[in-house]
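Just below is one structure, and these are the notes that go with it.
Quick note: the coordinates plus some simple rules give every number you see, no bench work behind them. These figures come from a predicted structure and were not determined experimentally. As a convention, Cβ positions derive from the backbone with ideal geometry for all residues, glycine included, and neighbour counts pool all protein chains shown.
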Amino acid sequence: MIAEVSSSHGIIGMMLLKGDWERDYYENPDTYSIGCAGKMSELVKLPDGRFNLVLTGLSEFRVARENRDRIYRQAEVEWCPVDPPMDIDAEAMEGLRQLLFEYLGDTAADAWKSLVERGLRGADLVNFLCFHIDVPAIEKQTLLEARGGRLDCLFDVLTFKLEERKLGGPGPHGGPSSVQ
């Protein structure tokens with residue numbers, strides 16, 4: 001797949017598999033309908049035939065029709081329109097900062113400073129946090145599918161994780177959370 005795609009358009013879509021996908025992997029398990037596409041910007045073929053690659057994000061998409069006639073999946077997609085820049089008012093920004101500080105602990109101050117004080121704002125900030133925050137894949141999928149409501153969804157996910165932690169539930173990796 002990588003060799004074929006790299007010699008043509010260079011675009012790869014990534015989607016979360018549903019259900020017990022590890023057990024059913026070779027049975028082509030279903031996927032969620034929204035994913036993200038990236039264009040290959042770096043590609044190195046390894047001696048054993050595998051590849052190391054870097055994708056540059058392009059857009060979110062929704063699968064219109066899937067084609068399963070190859071060993072790898074192909075699909076016709078509908079590109080999700082880019083939402084207008086999200087304005088986050090000062091109150092929401094402060095609420096997000098406080099929630100992240102509580103969720104991330106000691107690492108939050110440095111992370112916030114490097115992100116926000118260097119100009120990351122609005123949808124770019126929210127998307128960055130959604131991508132990098134240490135939560136399970138299904139919660140990241142929920143954030144992805146929230147589209148224009150992503151900020152509110154991020155607040156909900158982080159608030160839930162904090163409450164779960166207070167009740168003794170599993171925190172990410174059994175301890176303090178981090179931004180990856």
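One table, with the values for the structure above:
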read-out: GluC sites (Glu not before Pro) restricted to DSSP loop in region 92-129 with at most 16 other C-beta within 10 Å; value: 117
read-out: For the chain, size of Cβ-based charge dipole, Lys and Arg +1, Asp and Glu -1, in debye; value: 460
read-out: Relative exposure of 132, 9, judged by other C-beta atoms within 10 Å (fewest first); value: 9, 132
read-out: 3J(HN,Hα) from dihedral phi, region 102-111, Karplus parametrisation 6.51/-1.76/1.60, rounded to Hz, x for glycine, proline; value: 5, 6, 8, x, 4, 6, 5, 4, 5, 5
read-out: Coil-residue GluC sites (Glu not before Pro) of region 1-40, DSSP, other Cβ within 10 Å capped at 16; value: 22
read-out: Angle in degrees between helix 122-132 and the longest Cα principal axis of the chain, rounded to the nearest 10; value: 70
read-out: Theoretical ellipticity at 222 nm over the chain - DSSP helices of four or more residues, -39500 (n - 2.57) apiece, nearest 500; value: -11500 deg cm²/dmol
read-out: Other-chain or far-sequence residues with amide H under 5 Å of residue 58's (modelled H); value: 37, 38, 39
read-out: Residue-wise HN-Hα coupling along region 134-151, computed from phi with Karplus coefficients 6.51, -1.76, 1.60 (Hz; x: Gly, Pro); value: 7, 9, x, 4, 5, 6, 5, 5, 4, 5, 4, 6, 5, 6, x, x, 4, 4
read-out: Where trypsin sites (Lys or Arg not before Pro) fall in DSSP loop in region 1-46, at most 10 other Cβ within 10 Å; value: 23
read-out: Entry for log10 I(q)/I(0) by the Debye sum over Cα atoms at q = 0.18 Å⁻¹ (calculated from the structure that is shown) out of (1) -1.29; (2) -1.15; (3) -1.04; value: (1)
